[in-house]
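Enquirer: For reference, the structure I am asking about is given below.
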Amino acid sequence: MALKCVLLGQVLLLLWVSVAGAEVLLQPDFDAKKFSGLWYVVSMVSDCKVFLGKKDHLLMSTRTIEAMAGGNLSVHMQFPRADGCHLLDAEYLRVGSEGHFRVPALGYLDVRVADTDYSSFAVVYIYKELEGALSTMVQLYSRTQEASPQAVKTFRDFYPTVGLEDDMMVMLPKSDACSSGDKEAP
């Protein structure tokens with residue numbers, strides 16, 4: 001009986017994730033090759049309790065993205081922290097349409113490139129599970145450490161459509177922790 005309840009709960013969760021994610025549109029005609037390269041994560045917004053508790057201490061991180069066969073992405077992440085630069089590699093697995101991914105290694109149940117012009121900004125939607133809790137996050141990527149006013153406006157116009165509020169958002173300060181030679185894995 002307990003096993004049936006657990007399985008039913010997991011099925012309902014997957015159905016809910018599918019319905020919740022279905023409302024978020026994808027970048028039309030997403031091109032993984034044009035999306036490849038270096039991106040700075042200049043702003044984030046989330047309803048995740050862990051994020052909300054730490055958001056005022058976070059710094060700008062980077063994503064180096066490489067298009068792979070089958071529409072997957074190889075993503076190299078650098079996170080500056082007080083004790084140096086932490087590195088993480090993950091494969092974003094394409095599901096369905098181009099620009100739609102899952103990242104099991106990070107607990108990302110649904111990742112969508114919602115909007116991008118490829119040359120200056122991208123708005124990335126993430127629905128994830130962390131420490132047993134489900135949450136929504138939106139990140140603003142920029143090709144430079146200074147996002148354009150139009151990119152910030154696009155980001156600010158988007159995240160309320162997925163239920164996130166201004167007080168959940170942070171513009172991330174720059175850091176040089178990842179530009180020095182002392183990089184280590186998390």
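The values are calculated or read from the model by the stated rules, or taken from the named source; none is laboratory data. Since this is a predicted model, take the numbers as computed values, not measurements. In this analysis, Cβ positions are derived from the backbone assuming ideal geometry, glycine residues included, and neighbour counts consider all displayed protein chains.
Enquirer: Take the residues in the stretch 98-123 that are out of contact with any strand residue (DSSP E or B) (no Cβ under 8 Å at 6 or more places or on another chain) and surrounded by 15 or more Cβ atoms within 10 Å (Cβ to Cβ); name whichever of them is nearest to residue 150 (Cα to Cα).
Expert: Here the answer is 118.
Enquirer: What pairs come out if I take residues in the stretch 118-135 that are farther than 18 Å from residue 169 by Cα and pair them with residues that are outside any loop (DSSP other than H, G, I, E, B) and among the hydroxyl-bearing types (Ser, Thr, Tyr) whose C-beta lies under 9 Å away, six or more apart or interchain?
Expert: 120/142; 129/108; 129/135
Enquirer: Here's a follow-up. Got a number for residues in the stretch 53-90 being modelled with pLDDT of 95 or more and in contact with a helix residue (DSSP H, G or I) (Cβ under 7 Å, 6 or more places away or on another chain)?
Expert: Final tally of qualifying residues: 4.
Enquirer: Quickly run through the stretch 12-33 and pick out the residues that are of a type in the set (Gly, Ala, Ser) and either in a strand (DSSP E or B) or at pLDDT below 90 (or both).
Expert: Selection gives 18, 20, 21, 22.
Enquirer: Mind checking which residues of the stretch 73-97 are in contact (Cβ under 8 Å) with a residue 40 or more places away in the chain and closer than 12 Å to residue 35 by Cβ?
Expert: 73
Enquirer: Can you tell me which residue in the stretch 53-71 is surrounded by the fewest Cβ atoms within 10 Å (Cβ to Cβ), limited to those that are touching a residue at least 40 places away in the same chain (Cβ under 8 Å) and closer than 21 Å to residue 34 by Cβ?
Expert: Per the stated criteria, the residue is 62.
Enquirer: Follow-up question, since we're still on this one. Looking for whichever is closer than 22 Å to residue 155 by Cβ, over 16 Å from the mean Cα position of the chain (by Cα) and at pLDDT 95 or above here; the options are 36, 97, 43, 119. Which one fits?
Expert: 119
Enquirer: Related question: Go through (1) under 17 Å from residue 45 (Cα atoms); (2) touching a Lys or Arg at 6+ places or on another chain (Cβ under 8 Å) for residue 100 and report which single condition fails.
Expert: Here residue 100 meets the rest and fails (1).
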